[in-house]
Number of protein chains: 2
Amino acid sequence: MTENRLETTALHTDKYEFTMLDTAINADKAFHRAVFEVFTRSLPQGRKYGIVGGQQRLLEALSRFKFSKADISFLHRANFLSERTIGYLESFEFHGTITGLPEGSFYFGGTPILKIEGTFAECLIIETLVLSILNFDSALAAAGERMVRAANRRPIIEMGSRRIHEEAALAAARIGYIVGMASTSNLGAARIYNIPASGTAGHALVMAFENQIEAFHAQAMTLGASSTFLVDTYDQESGILDAIMACDGEPGAIRIDSGDLFEGATNARQLLDSKGAKSTRIIVTGDLDEFEIQRLRDAPIDGYGVGTRFVIGSGHPSANLVYKLSEIEVNGEMVGVSKASIGKETIPGSKKVTRHFDQDGRFIAESISPTAKESSQNQYFMASSAIDPYVTFIERGRISFGLSIEKIRSFHANQMKALERFVELND
Amino acid sequence: MTENRLETTALHTDKYEFTMLDTAINADKAFHRAVFEVFTRSLPQGRKYGIVGGQQRLLEALSRFKFSKADISFLHRANFLSERTIGYLESFEFHGTITGLPEGSFYFGGTPILKIEGTFAECLIIETLVLSILNFDSALAAAGERMVRAANRRPIIEMGSRRIHEEAALAAARIGYIVGMASTSNLGAARIYNIPASGTAGHALVMAFENQIEAFHAQAMTLGASSTFLVDTYDQESGILDAIMACDGEPGAIRIDSGDLFEGATNARQLLDSKGAKSTRIIVTGDLDEFEIQRLRDAPIDGYGVGTRFVIGSGHPSANLVYKLSEIEVNGEMVGVSKASIGKETIPGSKKVTRHFDQDGRFIAESISPTAKESSQNQYFMASSAIDPYVTFIERGRISFGLSIEKIRSFHANQMKALERFVELND
């Protein structure tokens, strides 16, 4: 059976990028310098900030943005490009410069998140890849951060793999960890991104045995009494009693996956305590999102598992980031350009972001100004420091920035700390 | 830079499947015969049927569900499985049997969509892969079919790649084509799935030139006057006039991507007609879903492009299919099992679907009965034929069913034809 997979990332491309390239090559526009910017026009309703994710994945994907023989032979077969354009693609490597906010940063509507500079040609054809990665990862980063915040330091296990495309599941697990989840259920993500994996048992195990106690005995024997027992296959009370009996004492944890979780956790805690299983932790799962986690804040819960609602971005599965030309070289000079399409207007020229912090490192405001001009001094900010938050990811084709996932995770945690008062003030 | 990719599909797995496997191996349960079923408890609100997608992708993915050296060495490192269990995985190949509805079929809440039979062990560990693929592809199949239906034979271009994970974008393009879209913007999908690709120009091309007419001249020169001109970069009227001038006559098509599309298309048609460009087609794009397409039904529109709303399943990005143990071997006999978790109850035993059609081949009803018993004869149906809709995808580990994408597409079209009266009656 044929393997329907691409060897490179070069065809994660919309056809119109190549037809535009073809047109630009013929019109001698392709190798003019250009600047594109990535931003969102507005945040989803009710959200005060977004979290950008995917930069590290993008760098890896761009390093594989080279056309294989099979890619090129497909382009020949497809027969819509000039030989000259195919020749350009055949030896293509991205030689441009990418700067922007580090992964895990917060952003607002209009914040320039990433800036791509190079020839018009090379910036043009990576548009789809850039947006696919940043839109998916940022949508989940924002949703995940909200869930982590709602969980108020109780650990969250990411377990949404089964609800999303199998490859997207790996990216979901990765970004979940970056925004502060404790672990993932996905072993592939654990392997390639080196993040902790969690999981013990589902209902199938309990149902595979003639009765629950036998299943729990088998689990305790193999995984230990300290593992997590899923107690709601039949009814929660018998589940808890069977788990205690199978462990001959205190199970490490129990998991509740159905019913009203507030009530379930409260009843479970009482029953566990009354049986002396005071150190048994209670984990709850089942369609949790930031609102439900918030509702459960006062329940005796020790950890959450999030699935569907996380991997679908808690109602916003795509971050709606766009990739727009902001400057192009005309007669040797860079000129700002913009479009005026109704509801989709853009601001001409490459922009510079400045972030203002008070003396305790708390974020106060963001200002955006044309690159050419000096940053406006707005005295209302009373900022003690003004920071350029950009880093250089790729400089003239060479990757110049890379962080371990742990570093990205702690960078994100610091961003959230800096943003705390801003979030409170805007609540 | 390390390539963060998996060589196999074997770790598209939740950790708990392997810990359950470990437990079952130790308890001598792993090699008992088992039956798992895939179904949804209920359809999203307002939907009368779902469309299942992904079976062909699943067969390909299962053929790669074999553990690589790197996978096994990760499992050793992760240090949570017995040597015996790792040994089992090291030589793992799926030898079970998978039967079910063909890709592109309709289904309802409770319809058994896929049946997986084999040892408890082998059925258990493919759960996440099965669900990831079917949940994503079916969510988009359902959304796409609704858009195709609303478009009422006007062609739809799928162009959502930039709004979803880059690999998921390929699956999106594929399933969009299966449910009747005319083409995709995604070249990778065009290459590996052999589906038509579409696309000509975005706003960046227009903005890269000093003025619009110059850009359109360049486009007409390279892509031909018969290509599609994007006319809303500045204002639609000047866009249309410039396109006509650049083509020295009738442009093949114009595209409108902003503003009220009903009004925009109506104005565009009048202007085009008044300038003699009566054969110029009008394509509209911009956050279209089935509701907006329906609203545009009486506008002078010749084709739609769908993006975001399609790839996020038009509000339902995951099909909520579940994978549940329904039978297991006990003392040599297959026994039906079920769970009683609140709101997540299942029905014990492997089930058989029968679909009833009238003499004109129109679908009337579906009945579901335990495999062992005879199908119930419900005389209210007045059906002239009762059909078993299942096919065998994999028989004892060997793939026994495979259709070209064109065949799947026409199978789906026939399913929709058979369902037409049922949809009307239930409207």
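The values are calculated or read from the model by the stated rules, or taken from the named source; none is laboratory data. Fair warning: this is a prediction, and the values are worked out from it, not measured in the lab. In this analysis, Cβ positions are derived from the backbone assuming ideal geometry, glycine residues included, and neighbour counts consider all displayed protein chains.
Numerical summary
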quantity: Residues of the range B:62-93 classified as assigned to a loop (DSSP other than H, G, I, E, B), within 24 Å of the chain's Cα centre (by Cα) and touching a residue at least 60 places away in the same chain (Cβ under 8 Å), total; calculated: 1
quantity: Residue in the range A:99-121 that is farthest from the chain's Cα centre (by Cα), counting only those that are over 26 Å from residue B:172 (Cβ atoms) and among the charged types (D, E, K, R); calculated: A:117
quantity: Scope the range A:188-207; condition touching a Phe, Trp or Tyr at 6+ places or on another chain (Cβ under 7 Å) and within 29 Å of residue B:326 (Cα to Cα); matching residues; calculated: A:199, A:200, A:201, A:202
quantity: Members of the range B:79-101 that are out of contact with any Phe, Trp or Tyr (no Cβ under 9 Å at 6 or more places or on another chain) and facing chain A (nearest Cβ under 9 Å); calculated: B:82
quantity: Residue selected from the range A:1-45 under the condition in contact with a strand residue (DSSP E or B) (Cβ under 6 Å, 6 or more places away or on another chain) and more than 9 Å from every other protein chain (Cβ to nearest Cβ), by the criterion nearest to residue A:82 (Cα to Cα); calculated: A:31
quantity: Pair list, Cβ under 7 Å, 6 or more apart: the range A:365-376 residue in the same structural domain as residue A:355 (by TED's automatic domain parsing), other residue modelled with pLDDT under 50 and surrounded by 11 or more Cβ atoms within 10 Å (Cβ to Cβ); calculated: A:367/A:375; A:367/A:378; A:369/A:375
quantity: Residue check, residue B:178 facing chain A (nearest Cβ under 9 Å) and either touching a strand residue (DSSP E or B) at 6+ places or on another chain (Cβ under 9 Å) or closer than 20 Å to residue B:415 by Cβ (or both); calculated: no
quantity: Of the criteria (1) surrounded by 21 or more Cβ atoms within 10 Å (Cβ to Cβ); (2) modelled with pLDDT under 95, which one residue A:282 fails; calculated: (2)
quantity: Residue count for the range A:249-262, restricted to those that are surrounded by fewer than 23 Cβ atoms within 10 Å (Cβ to Cβ) and either hydrophobic (A, V, I, L, M, F, W, C) or without any contact (Cβ under 8 Å) to a residue 24 or more places away in the chain (or both); calculated: 3
quantity: Given (1) in contact (Cβ under 8 Å) with a residue 24 or more places away in the chain; (2) closer than 21 Å to residue A:12 by Cα; (3) surrounded by fewer than 24 Cβ atoms within 10 Å (Cβ to Cβ), number of the condition residue A:137 does not satisfy; calculated: (3)
quantity: Verdict on residue A:224 being more than 10 Å from chain B (Cβ to nearest Cβ) and under 16 Å from residue A:276 (Cβ atoms); calculated: no
quantity: Flag if residue A:48 is in the same structural domain as residue A:335 (by TED's automatic domain parsing) and farther than 30 Å from residue A:423 by Cα; calculated: no
quantity: Residue within the range A:305-320 that is part of a strand (DSSP E or B), under 30 Å from residue A:40 (Cα atoms), away from chain B (no Cβ under 13 Å) and modelled with pLDDT of 95 or more present; calculated: yes
quantity: Residue list for the range A:322-359, filter: over 19 Å from residue A:118 (Cβ atoms), among the aliphatic types (A, V, I, L, M) and either more than 9 Å from chain B (Cβ to nearest Cβ) or crowded, with 21+ Cβ neighbours inside 10 Å (or both); calculated: A:347, A:353
quantity: Matching entry among B:301, B:256, B:283 (being of a type in the set (A, V, I, L, M, F, W, C), within 24 Å of residue A:20 (Cβ to Cβ), in contact with a strand residue (DSSP E or B) (Cβ under 7 Å, 6 or more places away or on another chain) and within 10 Å of chain A (Cβ to nearest Cβ)); calculated: B:256
quantity: Residue selected from the range B:191-208 under the condition more than 7 Å from chain A (Cβ to nearest Cβ) and either more than 24 Å from residue A:333 (Cα to Cα) or aromatic (Phe, Trp, Tyr) (or both), by the criterion surrounded by the most Cβ atoms within 10 Å (Cβ to Cβ); calculated: B:195
quantity: Residues (hydroxyl-bearing (Ser, Thr, Tyr) and at pLDDT below 95) located in the range A:381-427; calculated: A:384, A:385, A:400
quantity: Condition met for residue A:231 (without any contact (Cβ under 8 Å) to a residue 40 or more places away in the chain, more than 22 Å from residue B:125 (Cα to Cα), in contact with a helix residue (DSSP H, G or I) (Cβ under 7 Å, 6 or more places away or on another chain) and crowded, with 21+ Cβ neighbours inside 10 Å); calculated: no
quantity: Residues located in the range B:29-67, provided they are more than 24 Å from residue B:341 (Cα to Cα) and surrounded by fewer than 15 Cβ atoms within 10 Å (Cβ to Cβ); calculated: B:46, B:48
quantity: Selection within the range B:348-360 - closer than 15 Å to residue B:325 by Cα, in contact (Cβ under 8 Å) with a residue 24 or more places away in the chain and assigned to a loop (DSSP other than H, G, I, E, B); calculated: B:350
quantity: Criterion (under 30 Å from residue B:329 (Cβ atoms), modelled with pLDDT of 95 or more, part of a helix (DSSP H, G or I) and within 9 Å of another protein chain (Cβ to nearest Cβ)) met by exactly one of B:129, B:134, B:170; calculated: B:129
quantity: Count - residues of the range B:137-158 that are outside any strand (DSSP E or B) and under 15 Å from the mean Cα position of the chain (by Cα); calculated: 12
quantity: Within the range A:46-61, tally of residues that are more than 10 Å from every other protein chain (Cβ to nearest Cβ) and either more than 20 Å from residue A:149 (Cβ to Cβ) or of a type in the set (D, E, K, R) (or both); calculated: 3
quantity: Residue check for residue B:54: within 26 Å of the chain's Cα centre (by Cα), free of Cβ contacts under 8 Å to residues at least 60 places away in the same chain and on the phi > 0 side of the Ramachandran plot; calculated: no
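Condition check ((1) out of contact with any Asp or Glu (no Cβ under 8 Å at 6 or more places or on another chain); (2) in a loop (DSSP other than H, G, I, E, B)) across all residues:
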{"position": "A:8", "(1), (2)": "no, yes"}
{"position": "A:11", "(1), (2)": "no, yes"}
{"position": "A:16", "(1), (2)": "yes, no"}
{"position": "A:22", "(1), (2)": "yes, no"}
{"position": "A:29", "(1), (2)": "yes, yes"}
{"position": "A:47", "(1), (2)": "yes, yes"}
{"position": "A:59", "(1), (2)": "yes, no"}
